[in-house]
Amino acid sequence: MNASLRPARLFAQLAVIVALSRCGAAQSTSPAAPEPQIAGDKALTASPGPVSIDGRLSEPQWDGAEAIRSFSFPWSSRPAPATEFRAWADADHLYFSFTAEDDDLVVETRFDGESTLDREDRVEIFFARDEAPARMFNGVVTAAKPKTPECGPRRARKQNRACPGESEEGKTVSGWRSSPSDRPLPSAAHPGAVLPTSPDQVQRGASDRSGLARYYCIEIDPLGRVHDYAAQHYRQFDSSWNCPGLRAAGTRGSRGYTVEAAVPFATLSDLMGRATGPGATLRIGLFRAEFRPGALGDAPDNWISWVRPATTEPDFHVPSAFREWRIPASSDEATPAFRTRGIVLVPDDLSLADWPDRAAQAGLTTIALHHGTSPAAVAAFIGSPPGRAFLDRCAQLGLEVEYELHAMNELLPRSLFAAEPLLFRMNEQGERTADANLCVHSARALEIVSTNALRLARQLRPTTGRYFFWGDDGLPWCRCPRCREFTESDQALILENHLVRVLRQIDPAAQLAHLAYHNTLPAPRRVKAEPGVFLEFAPIHRSYDKPYHEQTGPDVRDALAALEANLRVFPTHSAQVLEYWLDVSRFSGWKRPAVKLPWRRDVIEADAATYARLGIRHVTTFAVWIDADYVRRFGEPTALAEYGAALRNR
């Protein structure tokens, strides 16, 4: 947005739902069968609870499941293919899934035991038991005496015997060792598998804040086949351990693969040595092996992680590869009305370097970056060391990152006007002009915009899968003979329908915002939204001295009725409101020096109630110019915590 007007799923699926029920784990030993693939000796038609273990994620519970998408190549500068982890819970089970983009699956046809997975694409989840870090002896880390991990709830494992009902196929039963015998030693198929040969090597691996006295590893391939083992730091593996009741199902698609599962809380409680259930905190690692022909583990871009481990070489078996994660509340429990609770900043606002921490402390879920005229400026920031530090900190805190951009100026470069004026809009005088937007009935213009949108989507990939490529800020659309019969909202939606189809070529789950703002605030009349286009409603002209629902009458601008009209066109469940409650730049007339935010807690609380009543589940606000200078001049912005509380408490 400019100085006068500021308004405001990727990839084919790989989902892993690992069912850790009370029965023993049965590992598949046969070649891959037709999809869907089920690990085990028989097809699993249903898991404990309402979810079928079929690798398809077709149950409605997945639509509202909490998601983590901030995966990256920690040891490579290349952008990583999309990976999504989702989770939800009922009273008895944790359900989780991975969704991954992969256009060159590496999968072995024959299953020769669990070491088969070492040569395959796979996803991995590690659970760390809460124990003290390894002991220090003369400055060198030494592991505590290995203990044989439990088989599961109230079941004892003997070192040389599998648990009842568990297969020993592909396992060794000799207990703890530096590497499982069914994986190479050292193994290029495991990150950093070179074993420590000197005390300083061991110490480097354990120099984090907390230790890994015991942890449990589950690896699953695209067919739902499993390699599970217990471990102690550093790289003391027990391949004789089978995760009790572990089952997994996998399906493959044209752009990836899916696996799904459920974990009984009784099993997790036994493994963690403490009560575990909805709302409890676990320390977990989420990983992915992304292989390709000729690179089966020896390339830095073979390894994807949720967290960036503090190592120079690929290694998931270090404390810094884990992070605390809160198990979602039970689906039977009350949850906040707003799934998205966000703020929108410009890169300069991050002069207040602890913005991610402030957002997390306020209970927010999402930070979006914005620039009034230049997506390239946001991309440059993200590619800089401060930008990468910002992304890393958001990932560490579990914050989603989005990019809300007036993008048209760069999607259709104005420099093309001299050679191709028909790409651009026609004004009321019948003249082609490069002052704003485009002609949405120009196939050539749509082609150029699409190409540049794909480039921008790869540079600025939101962790939520929700893209925001807005038209020029409050400026007019085309009045050519073909376009003039369509309102400005309709023209914007014509473009958005086209772009969401293009984005889904690289991100099959992509969603794209229709910005209802200023001249596009009225609901579209003639054009219907394609699947994946969601409403973003930004009432920039409303008043903030009283609650929104009280602003009625013929002279009121951006009245609530406009939102209600848009909700008759767009799905309610995905609709987002972009507000200005915390937008210091707006209240300052977009002129420096900034004024102190005129905060009204009663207004935000009343507005939150109104939006919740209308079924809105995604809410964010500009917080531009709440930066280091603002804090220096006006003190701590207490409004941030009150904003978060107002949204959380609905």
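For the reader, a short list of remarks on this structure follows.
- Search result, residues across the range 384-407 that are closer than 19 Å to F469 by Cβ and either modelled with pLDDT under 95 or surrounded by fewer than 23 Cβ atoms within 10 Å (Cβ to Cβ) (or both): E400, V401
- Selection within the range 267-306 - over 15 Å from R326 (Cβ atoms) and within 21 Å of the chain's Cα centre (by Cα): G285, F287, R288, A289, E290, D301, N302, W303, I304, S305
- If the condition is being hydroxyl-bearing (S, T, Y) and open to solvent by less than 10 Å² (accessible area, probe 1.4 Å), then the range 252-265 contributes Y257, T258.
- Residue identified as more than 16 Å from R214 (Cα to Cα) and either open to solvent by less than 10 Å² (accessible area, probe 1.4 Å) or among the polar types (S, T, N, Q) (or both) among L268, L282, L286, L296: L286
- Filter result (open to solvent by 10 Å² or more (accessible area, probe 1.4 Å), in a strand (DSSP E or B) and closer than 25 Å to P508 by Cβ) within the range 87-127: W88, E101
- Among the conditions (1) under 30 Å from A82 (Cα atoms); (2) among the acidic types (D, E); (3) open to solvent by 10 Å² or more (accessible area, probe 1.4 Å), the only one that E488 does not satisfy is (1).
- Looking across the range 432-472, the residues that are open to solvent by 10 Å² or more (accessible area, probe 1.4 Å) and either in a loop (DSSP other than H, G, I, E, B) or in contact with a Gly (Cβ under 7 Å, 6 or more places away or on another chain) (or both) come down to T433, A434, D435, H441, S442, R461, T463, T464, G471, D472.
- On the stretch given as the range 524-540, residues that are more than 24 Å from A453 (Cβ to Cβ) and open to solvent by less than 50 Å² (accessible area, probe 1.4 Å) total 2.
- Tally, over the range 591-603, of residues that are over 22 Å from L560 (Cβ atoms) and loosely packed, with under 15 Cβ neighbours inside 10 Å: 4
- Residue in the range 503-517 that is part of a helix (DSSP H, G or I), surrounded by fewer than 20 Cβ atoms within 10 Å (Cβ to Cβ) and aliphatic (A, V, I, L, M) present: yes
- Hits in the range 604-626 (condition: open to solvent by less than 10 Å² (accessible area, probe 1.4 Å) and within 12 Å of L582 (Cα to Cα)): I604, T620, T621, F622, A623, V624, I626
The values are calculated or read from the model by the stated rules, or taken from the named source; none is laboratory data. Here the structure is a predicted model, which is why all the values come from computation and not from measurement. Note that each Cβ is placed from the backbone with ideal geometry, even for glycine, and that neighbours are counted across all protein chains shown. For accessibility, only protein heavy atoms count, side chains too; no ligands or nucleic acids. Shrake-Rupley method; radii C 1.70, N 1.55, O 1.52, S 1.80 Å.
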